[in-house]
Amino acid sequence: MTDEPARILVAEDDRRLAGMLEQLLASDGYEVVVAHDGQRALHEAMTGRFDVLLFDRGLPAREGLDVIEGLRAQGNTVPALILSALGNPADRVEGLTRGAEDYLPKPFDVDELLARLRVLRRKSAMATTGLAIPGGILHPQRHEAVLTAGQVVVLSERENDLLATLARRPRQVFTRDELLESVFADADDTGVVDAYVHHLRKKLGRGCVLTVRGVGYALGALS
């Protein structure tokens, strides 16, 4: 278990409602990140760690359900609740079919919203769904990478933590110092990062980790 607060991404273009949601969720113990359009929401969700997503449908730049579909296609499985003025049965079915775990029409009851989010938080905490990596799926809790050919590769704790860090933010380039601090806190030489990248490449192929010259490392390209 972790003492870190649950992180929630709120995508809502109505700035007054977004501000109200931010205050409400912060008072319920969340660390809240707000995006006011679909493109920003997609960027935040792909590059940040979140436990729950709370999305409006009618977002500028990119519709909320389109964002969720894009995230699912990239292997992002963070539970999502749609909060929308489009609340007839057909709208709800569409939302659930396209990747949302829950759907609450506007106007909504505050207590019901918080209760539904708590359910999704529990599902997120218990989930064993893996992270997309080049050529397969990483299951961090099991320290295993399951490749598309069916092969299961067992990783050491450090290999697992390094690959999970990269996979949780697949579009981010990490410096060696950042990886040293987040994964190898008891080491003081960035050479240990290079060594474990080498170990991962031996087990999973060179394409699993990308070297960005002059900067550091990123997750390899997802097919």
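Data table
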item: Residue-averaged [θ]222 nm for the chain, counting only DSSP H segments that reach four residues, each worth -39500 (n - 2.57); result: -13000 deg cm²/dmol
item: Charge dipole (debye, nearest 20) of the chain; +1 at Cβ of Lys and Arg, -1 at Cβ of Asp and Glu; result: 780
item: Solvent-accessible area per residue, Å², over segment 131-223 with all protein chains present [probe radius 1.4 Å]; result: 54
item: Segment 1-117 - percent of accessible surface contributed by carbon and sulfur, probe 1.4 Å; result: 50
item: Point-charge dipole on Cβ atoms (K/R +1, D/E -1) for segment 1-70, about Cα centre, debye to 20; result: 140
item: Dimensions (Å) - segment 1-42, Cα atoms, principal axes, largest first; result: 33, 21, 7
item: Whole-angstrom Cα spans of segment 1-122 along principal axes, big to small; result: 38, 32, 26
item: Cα-derived Rg over Rh, computed across segment 131-223 with Rh taken as Kirkwood radius; result: 0.93
item: Correct choice for Rg and Dmax of the Cα atoms in Å that was computed from the model, options (i) 18.7, 58; (ii) 16.6, 47; (iii) 16.3, 54; result: (i)
item: Whole-angstrom gap from segment 63-86 to segment 190-223, using each part's C-alpha centre; result: 29
item: Shape box of segment 98-179 [Cα atoms, principal axes, largest first, Å]; result: 46, 34, 22
item: Segment 134-183 - convex hull of alpha carbons, volume per residue in Å³; result: 71
item: Square roots of 5 times each gyration tensor eigenvalue, C-alpha, segment 39-96, largest first, Å; result: 19, 12, 10
item: Accessible area in square angstrom per residue, segment 31-101, 1.4 angstrom probe; result: 40
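The values are calculated or read from the model by the stated rules, or taken from the named source; none is laboratory data. Fair warning: this is a prediction, and the values are worked out from it, not measured in the lab. Cβ atoms come from the backbone with ideal geometry, glycine included; neighbour counts cover every protein chain shown. Calculation scope for accessible area: heavy atoms of the full protein, side chains included, ligands and nucleic acids excluded. Shrake-Rupley method; radii C 1.70, N 1.55, O 1.52, S 1.80 Å.
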